[in-house]
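Contents: one structure, followed by commentary.
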Amino acid sequence: MSASPPGGCSCDGNNGGGGVIEDPSSGCFSGDTTVYTPEGKKLMKDLQVGDKVTGSHEDSYQTVYSFGHKAPATVGHFVKIFVTVDGNGGHKKHQPIEITGEHLLYLKDQPHPVRADAVKVGDILLGLGEGSAQITKLSTVQKEGLYAPLTAAGSIVVNGLVASTYISHQQDAPFFVQIGQGGWLELPLSQADIGHIWVTPLRMLCGASSGQMPSYCSQDDSNEFHPWVSFGMRLIRFGEQQHIFIQIALLALFVVLLLPLIVLEFTLLSMGGCLGLALLWFVVLERTMNYFAVEVIFRDLTKNMAFR
């Protein structure tokens, strides 16, 4: 099983120059990427939890309720995408976007986002106000700073282009999640769908807050991931090593545990009423999964299976 957790960058190794170089399976924006706030443009590296940013092509503002990963001193490898934008004055060059390969971008007239390393010259990206931006050149760049903000919409406008806030771990499945060896089974869920479902409790906990965000929304672990994002990435790595039957069981557990919160999120008029429930559910689930060693239990099960 290989799915898409919220935007997080798996980092490992050292570049010998003081910064940590990110692992190839990662997904973030560079700190020099521009976002759009009610006060004007702001660099990604200056963005904070609680800030409002343009979250979609409809020019609507979304609150940054957390960061999946925020590592200002970590060196990342980015795809640098150059585009020309259609406007009233004809075609004009636009500031290129710097994004790691596993992060997801929206193509024009495509409902599901695609991996940044899967786009090619000539592709049309979705821009602000349903504008279009044609890719004219692709290159790579290495620089310090990795940032993965999370919004309730699951999307964010960066450098005038609409991107997802989630990532994909499947290089050969740019749109939909696949499970089993060689992508034996393709699920009717996009890479972004899985990420959006996974962060439901975090989104409800932090998004339901009016005024100052709870401290948990800004927490990170020793690798500068949010703990909930880090936990999801560990589960994905575990699932990737299992037989397809175990992968299906994990997905079923995933749906059973998270579906009630998804229903609540879409049916209740006020997310504030969900805050206490989301917080209780979030704490119980995380502690249960960690302290009762779900990974060990499934590993023991696989040892008793006669095939892989």
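Read-outs: derived from the displayed coordinates by stated rules, not from any lab. All figures in this text were calculated on a predicted structure; none of them were measured in a lab. A quick note on method: Cβ atoms are made from the backbone with ideal geometry, for glycine too, and the neighbour counts reach across all protein chains shown.
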If I model a spin label as a point 7 Å beyond the Cα along the Cα-Cβ vector, how far apart are those points for Ala73 and Leu259 in nm? 4.5 nm
Residue by residue through the stretch 60-76, which ³J(HN,Hα) values in whole Hz follow from phi under the Karplus form 6.51 cos²θ - 1.76 cosθ + 1.60 (θ = phi - 60°), with glycine and proline marked x? 9, 8, 10, 7, 6, 8, 5, 10, x, 7, 8, 9, x, 9, 8, 8, x
Going by average Cβ density within 10 Å per residue, which order do the peptides 155-162, 74-81 take, highest to lowest? 155-162, 74-81
What nm value, rounded to one decimal, do you get for the distance between Gln95 and Lys137 when each label is placed 7 Å out toward the C-beta? 1.8 nm
Less than 16 Å from a label point 7 Å out along the Cα-to-Cβ axis of Thr34: which backbone N atoms in the stretch 61-85 qualify, by residue? 81-85
Packing-wise, with mean Cβ within 10 Å as the measure, how do 185-191, 196-202 rank, highest first? 196-202, 185-191
Let me know the Rg and Dmax you get for the stretch 104-202 when you use only its Cα atoms, in Å. 14.2, 40
Hey, can you grab everything whose amide H is under 5 Å from the amide H of Ala152? Only 5+ residues off in sequence or another chain; H modelled, so Pro and N-termini drop out. Thr63, Tyr65
